[in-house]
Amino acid sequence: MKSIINLSILFIAMTTTIQAQINLQEETAVKSILSTLQEGWNTKSGQTFASVFADIHVYVVINGMYFPSWQREINANVHQGIFNALYKNVDVEIKLDKIKPLGKDLLLVHAFGGKYEHGKTAPENPDAVISMIVEKQGPDWKIISFHNCNIEVSFDPAEANRSPVTLSVMYRNWYN
């Protein structure tokens with residue numbers, strides 16, 4: 001138990017140090033990207049959703065489908081199709097987890113997502129983790145690589161001891 005607590009403290013300290021290296025403009029830009037993704041999804045606008053992607057970008061779908069050179073317009077059209085059908089009544093909540101600089105004008109972003117039925121409240125726990133690389137292109141930041149995947153852990157309190165790090169620590173920024 002003591003080692004889990006020590007690991008949790010180390011994890012929090014490392015995350016806090018990484019966050020301190022990000023300037024306010026970068027953090028604001030990333031939060032704006034996440035807000036636009038969420039707005040596009042929840043208003044069922046493929047154009048809005050795709051507007052924060054670079055003209056050509058990498059996209060890995062939640063089921064593992066890999067598109068190494070996707071065009072923004074194709075992204076918009078595909079998302080519009082799923083918004084009109086499969087996800088017609090599904091909204092998302094997206095929350096920033098962390099940002100890590102990878103170099104000049106290049107950031108690694110992790111976020112959590114949770115799907116829920118339109119008109120209901122946002123989920124108690126996240127069900128997806130999103131990894132993105134965003135690049136400053138002129139005055140704007142654009143997603144050049146996007147990967148989201150299902151979180152495959154149980155949030156059942158009886159199962160919580162199966163994780164080496166408590167879920168409230170691992171996904172702590174979801175609960176803030």
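Give me the percent of DSSP beta bridges within the chain that run antiparallel, rounded to the nearest 5.
Numbers: 34 of 38 bridges.
About 90 percent, rounded to the nearest 5.
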For this session: Within the stretch 39-126, list the GluC sites (Glu not before Pro) lying in a DSSP loop whose Cβ has at most 11 other Cβ atoms in a 10 Å radius.
Result: GLU124
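How big is the C-alpha Rg of the chain next to the rule-of-thumb value 2.2 N^0.38 Å, as a ratio?
Numbers: Rg = 16.9 Å, N = 176, 2.2 N^0.38 = 15.7 Å.
With N residues counted in the chain, Rg over 2.2 N^0.38 Å equals 1.08.
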Exercise. Counting Lys and Arg as +1 and Asp and Glu as -1, what is the net charge of the other residues whose Cβ lies under 11 Å from the Cβ of ILE62?
Worked result: 0
Problem set entry | Accessible area in square angstrom per residue, the stretch 34-108, 1.4 angstrom probe | 50 Å²
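Summarise the accessible area of the stretch 78-135 (1.4 Å probe, protein heavy atoms) by the percent that is carbon and sulfur. It would help to have the intermediate numbers written out before the result.
Numbers: 1520 of 2890 Å².
About 52 percent, which is the carbon plus sulfur part of the accessible surface.
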Exercise. With every protein chain present, what accessible area does SER69 have (1.4 Å probe, heavy atoms only), rounded to the nearest 10 Å²?
Worked result: 80 Å²
Seminar exercise, completed: Per GNM of the chain with C-alpha springs under 10 angstrom, the most fluctuating residue out of ILE82, ILE133, ILE56 is ILE82
For this session: Excluding GLY46 itself, calculate the net charge of residues whose Cβ lies under 14 Å from the Cβ of GLY46, where each Lys or Arg counts +1 and each Asp or Glu counts -1.
Result: +1
For this session: With all protein chains present, calculate the accessible area of ASP55 using a 1.4 Å probe and round the result to the nearest 10 Å².
Result: 100 Å²
Problem set entry | Selection from PRO126, GLN21, LEU108 lying farthest towards where the dipole of the chain points positive, charges on Cβ | GLN21
Exercise. Mind listing which trypsin sites (Lys or Arg not before Pro) in the stretch 58-99 are in a DSSP loop and have 11 or fewer other Cβ atoms within 10 Å?
Worked result: LYS88
For this session: Leaving ligands, DNA and RNA out of it, work out the accessible area of TRP141 with a 1.4 Å probe and give it in Å² to the nearest 10.
Result: 30 Å²
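The values are calculated or read from the model by the stated rules, or taken from the named source; none is laboratory data. Just so we're clear, the structure is a prediction, and the values are computed from it rather than from any experiment. Please note: Cβ atoms are built from the backbone with ideal geometry, for glycine as well, and neighbour counts cover all protein chains shown. Protein only, heavy atoms only, side chains kept; ligands, DNA and RNA dropped before computing areas. Shrake-Rupley method; radii C 1.70, N 1.55, O 1.52, S 1.80 Å.
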